[in-house]
Amino acid sequence: MIEISGVRIKKDGKTLLLHRKKWDHWELPGGTVEPTESPRKTAIRETKEEIGVDVEILRELDTVDFEIGGKNVRSYQYIAKIISGEPKLMEPDIHDDIGFFDLETQESLAPNITLAGLN
């Protein structure tokens, strides 16, 4: 099973999402958990790599198992806040858009995004 980890960053009731070209869906900042790090550390590192900000993890949100592209994936998700920097696309070869969206109305969400913890 592949393990990934990411963060939910909220602003004015909306969630920061990235549009992944390969899957044509919107996803949370995050990425693959490396063998030498915890899911929490992965979430912090990957957020910096993908959107150029430093975050503080506030709490664990959810763990979701799903299948994509024929692979089983476990996704760890955290609520986080930005402590420095402004979100911007850092990997334009992977993501082609970034923004804050209302999850309840956003189409084409990644399979690991749940509406849990919206409040």
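The values are calculated or read from the model by the stated rules, or taken from the named source; none is laboratory data. Note that this is a predicted model, so its numbers are computed, not measured. We place every Cβ from the backbone using ideal geometry, glycine too, and count neighbours over all the protein chains shown.
Quick look at the values:
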| item | result |
| --- | --- |
| Residue selected from the stretch 62-73 under the condition within 13 Å of the chain's Cα centre (by Cα) and at pLDDT 90 or above, by the criterion surrounded by the most Cβ atoms within 10 Å (Cβ to Cβ) | 64 |
| Residue check, residue 16 touching a residue at least 60 places away in the same chain (Cβ under 8 Å) and either within 14 Å of residue 111 (Cα to Cα) or small (Gly, Ala, Ser) (or both) | no |
| Some residue of the stretch 2-22 being surrounded by fewer than 20 Cβ atoms within 10 Å (Cβ to Cβ) and of a type in the set (A, V, I, L, M) | yes |
| Test for residue 88: is it more than 15 Å from residue 114 (Cβ to Cβ), modelled with pLDDT of 95 or more, of a type outside the set (A, V, I, L, M) and exposed (fewer than 13 other Cβ atoms within 10 Å of the Cβ) | yes |
| Test: residue in the stretch 77-90 that is assigned to a helix (DSSP H, G or I) and within 15 Å of residue 4 (Cα to Cα) | no |
| Filter pass, residue 34 being modelled with pLDDT of 95 or more, surrounded by fewer than 20 Cβ atoms within 10 Å (Cβ to Cβ) and either among the hydrophobic types (A, V, I, L, M, F, W, C) or under 13 Å from the mean Cα position of the chain (by Cα) (or both) | no |
| Matching strands (runs of 3 or more DSSP E) fully within the stretch 22-68 where at least 3 residues are closer than 15 Å to residue 1 by Cα and in contact (Cβ under 8 Å) with a residue 40 or more places away in the chain | 54-68 |
